[in-house]
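One structure is given here, and the rest of the page talks about it.
The values are calculated or read from the model by the stated rules, or taken from the named source; none is laboratory data. Just so it is clear, the structure is predicted and the values come from calculations on it, not from any experiment. Counting neighbours? That spans all protein chains shown, and the Cβs are built from the backbone with ideal geometry, glycine included.
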Amino acid sequence: MSHSACEVEDYRRLVEDTLPIVREVSRTALALQQRTINVKFKADGSPVTQADHAIEEFLFDELGRLTPDDGFKGEENRTRASSSGREWIVDPIDGTVQFIRGQEFWSILMGLEDQKVGKVGIISFPARNELIYASTGNGCWEETSGSVKKLEVSDTHELSRAYILHNGIEFARRVKRAKRLSVLLSSVGAERGYADAFGHMEVARGHSDCMIDFMTEHHDIAAVRVAIEEAGGHWSTLSGGQELGQEDAGSITTNGILHEIIREMLEREDPDTLE
């Protein structure tokens, strides 16, 4: 897809202006993880902490000052209407279970969409001191300890050599894909269970060839899909669409080369028996 030079430069500058906010909220989030965490549970059984709300509130305020005409939609229900056609989609803590358990694989996700088309993706891993950012036409970049490098997906062509990540057999079972996942994993070079944005960013880094997320929501993928695509990869729902809907069981990110092969193996629900 081609983009105008003006658009590319505008989004490069927006990312540059946003990164100080991301660095500050990342430091705050890491400090919050190291304190006593009070956990509550939502109606769907997923955990939420005071840190989720504090991070979302901070980003709501700071992004409102930086881009006052842009909308805001946070996972924890903080919203602002858009007058620009652009909207920030924010997940304050992606991987709350890991956050609560003291692990390092949780992240802060910030995606910016214009007329529902992804333009900016920012993914921060505060406990790992890693910050990934991407924008339309500008590529995907990772900042660690002051050094910056461009990320590119792998060039793996053969399924038999592929390294596949997925977010767990229980999620596959819930959406009736456990049998099909088993068939897929028996055909690849290696597989591991990973959760959330970390697994997807392993695809952007070229460390793995595919990440399968069997239960995806908008805030989970808005930032991720921009990063993946700017790294040269591809994202879609399991049905092949570019928008999440109630009928979609989940989504996958890949190096692009293996996308349709893997997606087609997981597109349909498990039959009663699978030969």
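Points worth noting:
- The number of residues in segment 8-50 that are in a helix (DSSP H, G or I) and polar (S, T, N, Q) comes to 5.
- Any chance residue 206 is assigned to a loop (DSSP other than H, G, I, E, B), outside the structural domain of residue 108 (by TED's automatic domain parsing), at pLDDT 95 or above and surrounded by fewer than 20 Cβ atoms within 10 Å (Cβ to Cβ): yes
- Residue 25 vs. criteria within 16 Å of residue 78 (Cβ to Cβ) and either in contact with a strand residue (DSSP E or B) (Cβ under 7 Å, 6 or more places away or on another chain) or surrounded by fewer than 16 Cβ atoms within 10 Å (Cβ to Cβ) (or both): yes
- Flag for residue 239 being of a type outside the set (A, V, I, L, M), assigned to a loop (DSSP other than H, G, I, E, B), farther than 30 Å from residue 119 by Cβ and outside the structural domain of residue 88 (by TED's automatic domain parsing): no
- Single match in 104, 143, 62 (criterion: part of a loop (DSSP other than H, G, I, E, B), surrounded by fewer than 19 Cβ atoms within 10 Å (Cβ to Cβ), on the phi < 0 side of the Ramachandran plot and not aromatic (Phe, Trp, Tyr)): 104
- Qualifying residue in segment 96-109 (condition: in contact with a Cys (Cβ under 6 Å, 6 or more places away or on another chain), closer than 20 Å to residue 196 by Cβ and assigned by TED's automatic domain parsing to the domain that holds residue 38): no
- Matching residues, segment 71-82, being in a loop (DSSP other than H, G, I, E, B) and closer than 15 Å to residue 25 by Cβ: 75, 76, 78
- Residues of segment 65-79 that are surrounded by fewer than 18 Cβ atoms within 10 Å (Cβ to Cβ) and either of a type in the set (Lys, Arg) or over 17 Å from residue 51 (Cα atoms) (or both): 65, 66, 68, 69, 78, 79.
- Residue 218 being within 20 Å of residue 116 (Cα to Cα) and not assigned by TED's automatic domain parsing to the domain that holds residue 132: yes
- The lone exception for residue 149 - which of (1) among the charged types (D, E, K, R); (2) surrounded by 14 or more Cβ atoms within 10 Å (Cβ to Cβ); (3) within 27 Å of residue 19 (Cβ to Cβ) it fails: (2)
- Residue count, segment 153-179 (criterion: crowded, with 16+ Cβ neighbours inside 10 Å and either touching a Cys at 6+ places or on another chain (Cβ under 6 Å) or of a type in the set (A, V, I, L, M) (or both)): 8
Condition check ((1) among the hydrophobic types (A, V, I, L, M, F, W, C); (2) more than 18 Å from residue 123 (Cβ to Cβ); (3) not in a helix (DSSP H, G or I)) across all residues:
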residue	(1), (2), (3)
6	yes, yes, no
52	no, no, no
69	no, yes, yes
84	no, yes, yes
87	no, no, yes
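- Hits in segment 1-27 - residues which are in contact with a Pro (Cβ under 9 Å, 6 or more places away or on another chain) and of a type in the set (A, V, I, L, M, F, W, C): 25
- Complete set of residues in segment 156-199 that are closer than 22 Å to residue 257 by Cα, among the aliphatic types (A, V, I, L, M) and either at pLDDT below 95 or part of a helix (DSSP H, G or I) (or both): 159, 181, 183, 184, 185, 197
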